[in-house]
Amino acid sequence: MKRITALVVCGFLSVSSLAVFADTASFPDLPPEHWAYGVVMELVNDGTVQGKGDGSFDPTAMVTRAEFVKMVGKGGGFATYTDVSPDHWGYDYIVSSGVLPDENGAFRPSEPMTREDATEILWQRAGEPMGLAIFEDMTAQTDNPDAAAWAYTYGIMKGDDTGDLRFKDSISRAEAAAIISRARKIIRASQNGFMNGVFEQAAFTTDDKIVDGAMSMELDGYPSDWKEYPYILKDIPNEVYAADFHYLDKIKAKPSETYSFAKEFAPMFVNVLKRYAIRLESEQGIKVRFTFFPSMVYDNNQGYVYRIKCEVLDTGGKSPTYKDVFQEENDAILCEGMVFYADAESDYSFGMGIGGMFGFSDIVYLEKGLS
């Protein structure tokens, strides 16, 4: 568990493969400095992409059309093709891929997958979103401008310095892993209210503000446990997501599962934080502002654990320690202007029932401290 104990000086898509599963997330031909290392490891470590039989990943090898649709996973449609028989190794993935037969009724499973066709498939899996606007010279590069606009706007498909998205080029194993990983994140976000680049009501503060939040578009740099959450917000440091939550001896539901409830009942979570803030000001003369994020709530089978942001607004001329304010064994000095994240825990009554429980963890991440 990550802790700050020193004195603070005031200041959808599934991915599979055609080869044996790698026993360890390590490939001799994919060093950590490789541009696709992070996204490949993300998919390898969750068991959805594999290396080759010789232990390599072969990141530059071109992906065939059959290989790519298997990597993406089965879709919901069904089509038949003149060149794909039921005994083909990729039959189930191909016939459910959503790809229309060509003019000869064929799928062409052994031909290289192009960036254009890969974009089309992922766009279909995303629900065929329309209406996004990008430069006309980009949409003119493909027969499906809506798919191009979706892929480019959300960083799923990146072009070169001239704006060329290279739609006619074939796609490598590393590129395939990257665009599938990015698409999964955008699709997950879209399922949780992602509209025009933001999530409405992404945060609630104890001074009665409701704040929309922008999604982080650094898709290749997401924390490794991003699937725990309904989405990743741009203004929250990755360290906040990556740090272990306190009070999770048991997990009944993860943030991705509690999100709808937490958003609907956000006032209940905010009210318990507000009561604590009022108490601090009344008893100690210390003013703080808490921010509650519906996307960061666990159910630990005893109540809720939620990661909050705390801003120290006024210490009343004092130099209180974290222990003085939050009853946690930490001698860090709180000072005006400090911003940090911590975990709050409350029972299902939000501390209102007989023997109701509410408390704070140690500091999880220090964002700002003034010297």
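Taking the conditions (1) loosely packed, with under 14 Cβ neighbours inside 10 Å; (2) at negative phi in turn, Glu120 satisfies each one other than (1).
Taking the criterion of being of a type in the set (D, E, K, R) and either at pLDDT below 95 or at positive phi (or both), would at least one residue in region 294-305 satisfy it?
So far as region 294-305 goes, no, none of its residues is of a type in the set (D, E, K, R) and either at pLDDT below 95 or at positive phi (or both).
Screening Val40 against (1) closer than 25 Å to Ser96 by Cα; (2) surrounded by fewer than 23 Cβ atoms within 10 Å (Cβ to Cβ) leaves a single unmet condition, (2). Would it be correct to say that Ser256 is small (Gly, Ala, Ser), over 19 Å from Glu311 (Cα atoms) and part of a helix (DSSP H, G or I)? Yes: the conditions hold for Ser256.
Residues of region 132-145 include none that is at pLDDT 95 or above, in contact with a helix residue (DSSP H, G or I) (Cβ under 6 Å, 6 or more places away or on another chain) and surrounded by 18 or more Cβ atoms within 10 Å (Cβ to Cβ).
Against the list (1) crowded, with 21+ Cβ neighbours inside 10 Å; (2) assigned to a loop (DSSP other than H, G, I, E, B), the condition Tyr306 fails is (2).
Is region 165-178 home to any residue that is among the polar types (S, T, N, Q) and assigned to a loop (DSSP other than H, G, I, E, B)? No, region 165-178 has no match at all.
Contact map, region 53-73: first residue within 17 Å of Gly38 (Cα to Cα) and at pLDDT 90 or above, second residue buried (at least 19 other Cβ atoms within 10 Å of the Cβ) and of a type in the set (Phe, Trp, Tyr), Cβ cut-off under 6 Å, separation 6 or more or different chains; pairs are Ser56/Phe27; Phe57/Phe27. Among the residues making up region 119-154, those that are among the β-branched types (Val, Ile, Thr) and either assigned to a helix (DSSP H, G or I) or not assigned by TED's automatic domain parsing to the domain that holds Arg65 (or both) are Thr119, Ile121, Thr139, Thr153.
With the structure loaded, tell me whether Asp244 is over 23 Å from Gly193 (Cβ atoms), of a type in the set (Asp, Glu) and part of a loop (DSSP other than H, G, I, E, B) or whether it fails that test.
Values: over 23 Å from Gly193 (Cβ atoms): yes; of a type in the set (Asp, Glu): yes; part of a loop (DSSP other than H, G, I, E, B): yes.
Judged against the criteria, Asp244 is a match.
Looking only at region 306-329, decide whether some residue is touching a helix residue (DSSP H, G or I) at 6+ places or on another chain (Cβ under 6 Å) and of a type in the set (Lys, Arg). Checked against the condition, which is being touching a helix residue (DSSP H, G or I) at 6+ places or on another chain (Cβ under 6 Å) and of a type in the set (Lys, Arg), region 306-329 yields no hits at all. Restricting attention to region 83-111, the residues that are of a type in the set (Ser, Thr, Tyr) and either surrounded by fewer than 13 Cβ atoms within 10 Å (Cβ to Cβ) or over 35 Å from the mean Cα position of the chain (by Cα) (or both) total 2. Among the residues of region 314-339, those that are among the aliphatic types (A, V, I, L, M) and either touching an Asp or Glu at 6+ places or on another chain (Cβ under 7 Å) or in a loop (DSSP other than H, G, I, E, B) (or both) comprise Ala332, Leu334, Met338, Val339. Among the candidates Ala66, Ala79, single out the residue that is assigned by TED's automatic domain parsing to the domain that holds Thr114, among the small types (Gly, Ala, Ser) and either buried (at least 19 other Cβ atoms within 10 Å of the Cβ) or not in a loop (DSSP other than H, G, I, E, B) (or both). When all the criteria are applied, what remains is Ala66.
The values are calculated or read from the model by the stated rules, or taken from the named source; none is laboratory data. Predicted model only: the values in this text are computed from it and were never measured. Glycine gets a Cβ as well: all are built from the backbone with ideal geometry, and neighbour counts include every protein chain shown.
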